[in-house]
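*Asks:* Dumping the structure here so I can ask a few things about it.
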Amino acid sequence: MRIIAFGDIHDRTENIGKVERLSDADCVIITGDLTNFGGVERAKKVIETVSRHNPNLYALPGNMDQKQVEGYVDELGINIHSKGVIIQGVGFFGVGGSNYTPFNTPTEYTEEEIKEFIRKGYEEIKHVKLKVLVSHTPPYNTKVDIVGGGQHVGSVSVREFIEKYQPQVCLTGHIHEAVGKDIIGNTIIINPGMLASGGYVELVEKEGRLEATLKSIKLS
């Protein structure tokens, strides 16, 4: 199994076709922020661009997507916000949007709501051995939730879930400047940053283990 994951596209689709061997991936996961304050029409452009390279995809809305974007990806049958899906024996479940920000972005939730969204998705895949949490907002107090001023702004609920249930990987984004990897217990947390800056993740299953690697597009 080989999965490609990226997010924080913000309407900028020019790098999608530059992702290495995108068409060969078993699936593509979009981790949120398809648009920049956009709705269905702008999200549709992103989804259709990805689909031209690889039609096997799942997505969830980020905090910068209008709430109608969730309904759109739901209608397409590719939504993993508060849902779970099994891809070649690996369970993926997600939570979109973000915890509250100072910027009043379109899709923000309370920590209690985030906790419930994760629970619902987890229930659908908890019986499989290998699990991947797709969370647009990163877990609190990690290397991948630090904004420019040094403050940790991730979700407490995401962190508490990871500490308790230990999925193998958490694919995240949201904080553009916090590109990197971290570990909570046995869970790998990975944030590739903005696709416009070239970042994406390659997730490979080998001998019952998941390997998550930060990758970068060669930008001209």
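*Asks:* Out of the residues in the stretch 128-175 meeting the condition of being assigned to a helix (DSSP H, G or I) and among the aromatic types (F, W, Y), tell me which one is nearest to I9 (Cα to Cα). Let's see the steps before the verdict.
*Replies:* Initial filter on the stretch 128-175 (assigned to a helix (DSSP H, G or I)): 156-165.
Filter again for among the aromatic types (F, W, Y), leaving 161, 165.
Details: F161: 26, Y165: 29 Å.
Once the filter is applied, the top-ranked residue is F161.
*Asks:* Another question about this same structure. Tell me yes or no: at least one residue of the stretch 198-210 is more than 15 Å from the chain's Cα centre (by Cα), within 23 Å of L57 (Cα to Cα) and among the small types (G, A, S).
*Replies:* yes
*Asks:* If V204 satisfies every condition in (1) buried (at least 16 other Cβ atoms within 10 Å of the Cβ); (2) more than 24 Å from R119 (Cβ to Cβ) but one, which is the exception?
*Replies:* Tallying (1) buried (at least 16 other Cβ atoms within 10 Å of the Cβ); (2) more than 24 Å from R119 (Cβ to Cβ), V204 fails exactly one: (1).
*Asks:* Shifting gears a bit: Could you list, in sequence order, all residues of the stretch 31-41 that are crowded, with 19+ Cβ neighbours inside 10 Å and not β-branched (V, I, T)?
*Replies:* Of everything in the stretch 31-41, those that are crowded, with 19+ Cβ neighbours inside 10 Å and not β-branched (V, I, T) turn out to be G32, D33, L34, G38.
*Asks:* Also, I was wondering about something else. V28 - would you say it is crowded, with 20+ Cβ neighbours inside 10 Å, at negative phi and touching an Asp or Glu at 6+ places or on another chain (Cβ under 9 Å)? If you could, list the steps in order and put the result at the bottom.
*Replies:* Working: crowded, with 20+ Cβ neighbours inside 10 Å: yes; at negative phi: yes; touching an Asp or Glu at 6+ places or on another chain (Cβ under 9 Å): no.
In short, no.
*Asks:* In addition: Can you report the number of residues in the stretch 183-201 which are surrounded by 15 or more Cβ atoms within 10 Å (Cβ to Cβ) and outside any strand (DSSP E or B)?
*Replies:* 7
*Asks:* Of all helices (runs of 4 or more DSSP H) completely enclosed by the stretch 35-127, which ones contain at least 3 residues that are modelled with pLDDT under 95, among the aromatic types (F, W, Y) and over 21 Å from M194 (Cβ atoms)?
*Replies:* So the answer is none; nothing clears 3.
*Asks:* Regarding the stretch 160-175, can at least one residue be identified that is basic (K, R) and buried (at least 19 other Cβ atoms within 10 Å of the Cβ)?
*Replies:* No: the stretch 160-175 contains no residue that is basic (K, R) and buried (at least 19 other Cβ atoms within 10 Å of the Cβ).
*Asks:* Sticking with this one: Might you check whether a residue that is surrounded by fewer than 23 Cβ atoms within 10 Å (Cβ to Cβ), in contact (Cβ under 8 Å) with a residue 40 or more places away in the chain and farther than 20 Å from G94 by Cα occurs anywhere in the stretch 46-67?
*Replies:* Among the residues of the stretch 46-67, at least one is surrounded by fewer than 23 Cβ atoms within 10 Å (Cβ to Cβ), in contact (Cβ under 8 Å) with a residue 40 or more places away in the chain and farther than 20 Å from G94 by Cα, which makes the answer yes.
*Asks:* Among the numbered conditions (1) under 22 Å from Y200 (Cβ atoms); (2) in contact with a helix residue (DSSP H, G or I) (Cβ under 6 Å, 6 or more places away or on another chain); (3) in contact (Cβ under 8 Å) with a residue 40 or more places away in the chain, tell me where G84 comes up short.
*Replies:* If we test G84 against (1) under 22 Å from Y200 (Cβ atoms); (2) in contact with a helix residue (DSSP H, G or I) (Cβ under 6 Å, 6 or more places away or on another chain); (3) in contact (Cβ under 8 Å) with a residue 40 or more places away in the chain, just (1) comes out false.
*Asks:* Quick check, is R12 over 22 Å from P167 (Cβ atoms), touching a residue at least 60 places away in the same chain (Cβ under 8 Å) and surrounded by fewer than 20 Cβ atoms within 10 Å (Cβ to Cβ)?
*Replies:* Values: over 22 Å from P167 (Cβ atoms): yes; touching a residue at least 60 places away in the same chain (Cβ under 8 Å): yes; surrounded by fewer than 20 Cβ atoms within 10 Å (Cβ to Cβ): yes.
Against the criterion (over 22 Å from P167 (Cβ atoms), touching a residue at least 60 places away in the same chain (Cβ under 8 Å) and surrounded by fewer than 20 Cβ atoms within 10 Å (Cβ to Cβ)), R12 qualifies.
*Asks:* Has the stretch 173-185 got any residue that is more than 18 Å from G96 (Cβ to Cβ) and touching a Ser or Thr at 6+ places or on another chain (Cβ under 6 Å)?
*Replies:* yes
*Asks:* Of all residues in the stretch 202-220, count the ones that are under 22 Å from N15 (Cα atoms), part of a strand (DSSP E or B) and not aliphatic (A, V, I, L, M). Can you show your working first?
*Replies:* Restricting attention to the stretch 202-220, the residues satisfying the condition of being under 22 Å from N15 (Cα atoms) are 202-204, 212-220.
Then keep just the ones that are part of a strand (DSSP E or B); that gives 202-204, 212-216.
Narrowing further to those that are not aliphatic (A, V, I, L, M): 202, 213, 215-216.
Summing the residues that are under 22 Å from N15 (Cα atoms), part of a strand (DSSP E or B) and not aliphatic (A, V, I, L, M) in the stretch 202-220 gives 4.
The values are calculated or read from the model by the stated rules, or taken from the named source; none is laboratory data. Quick caveat: nothing in here was measured; it's all calculated off a predicted structure. Every residue, glycine among them, receives a Cβ derived from its backbone with ideal geometry; neighbour counts consider all protein chains shown.
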